[in-house]
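Encoded as structure tokens, the structure appears first; notes follow it.
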Amino acid sequence: MSMKGILIAVILGIAGSFAGAQAQVDGDIDARSLLKLNLSDWYFARYELCYEHVINASTSVQLAVAGIGESEDFGTYRYNNLTMMDSWTDVSVNHSGWRVTPELRRYAWVYGGMPEGVFVSIMGRIENWMLEFDEDIDDFGGIAEGQFEGELDGTWRQFHWGGGVLVGYQWYSDNGISLEVYTGPMFRSYSRSWSHDGTLNEEEKEWVEDSLEDRLFSGSRSATYLNSNSGPGWRFGLTVGLGL
């Protein structure tokens, strides 16, 4: 079975466990839930809510849903050694999209029906991210040879699926507040596409692809993520929550 097939099976298994969670609760556990806010992903403009539900004395399921939304502006100075001319480029970017992360957790213990303590989990992830770029150039003479000699106005779409294993610790206080930290390795597989606002021939399409990283991605604070390759990575996070 392919990695994608394994991930889909894991997600379906977690979803099935979540749907039947109430029926599986042990008689001596007062099944409870947590609603949590992910604080660590705000920097990456991913605003995530997590719902965790206890199944039994050592197991819980969690579903996290995130919205992506941000606007950023940056400028770059360019100099063309061939024409001895320079230019200033202003770029505006609007981010949008969504992310879904199902997770199955195994705790060392579940105290009073609430998930608390050391845990190990398996998680899956699907994310769809769209960036709309608007580039303004004051003098096209500063564009280097071999790059697209026009403004890079268009939409970049980035989709990834993946999964991983996490290790963490969750505290749950008497007043119903939870605090959680976690980390662990994961795998991501990316697919990407660019659509230009204008009509391009085949040569111009190649120039656009060669120009994106230097003129658009390098100035964005998401540059590392935009240039990442499929393969292994690392996940870490911090959440704060409230018992339900």
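Compared with the dominant principal axis of the Cα atoms in the chain, helix 3-19 is inclined by about 40°. Between the amide H of residue 153 and those of 135, 197, distances stay under 5 Å, these residues lying 5 or more places away or on another chain, with hydrogens modeled in the peptide plane. Across the chain, Cα pairs under 8 Å and at least six residues apart give a relative contact order of 19 percent. Among 79, 107, which comes first, then next, by fewest other beta-carbon atoms within 10 Å? Listing 79, 107 from fewest to most nearby Cβ atoms yields 79, 107.
Where does the charge balance sit around residue 142 when Lys and Arg score +1, Asp and Glu -1, over other residues with C-beta under 10 Å from its C-beta?
On the way: positive: 78; negative: 86, 138, 139.
Neighbour charge sum, excluding residue 142 itself: -2.
Between 237, 121, 150, the Cα set farthest toward the positive side of the dipole of the stretch 3-243 (charges on each charged residue's Cβ, about the Cα centre) is that of 121. In this simple spin-label model, placing a label point 7 Å from the Cα along the Cα-to-Cβ direction at both residue 174 and residue 134 gives a separation of 5.5 nm.
Modelled spin-label separation between residue 214 and residue 84, with each label point placed 7 Å from Cα along the Cα-to-Cβ direction: 2.1 nm. Whole-Hz Karplus values for the stretch 194-199 come out as 10, 10, 8, 5, x, 9 Hz, taken residue by residue from phi with 6.51 cos²θ - 1.76 cosθ + 1.60 and θ = phi - 60°; glycine and proline positions read x. Here each label is just a point 7 Å from Cα along the line to Cβ, and for residue 229 and residue 40 those points are 2.5 nm apart. Charged side chains reduced to their Cβ positions (Lys and Arg at +1, Asp and Glu at -1) give the chain a dipole of some 1840 debye around its Cα centre.
Where does helix 202-215 land angle-wise versus the long Cα axis of the chain, in degrees 0 to 90, nearest 10? That works out to roughly 70 degrees.
Since every read-out is calculated from the coordinates, none of them should be taken as a lab result. Note that this is a predicted model, so its numbers are computed, not measured. Every residue, glycine among them, receives a Cβ derived from its backbone with ideal geometry; neighbour counts consider all protein chains shown.
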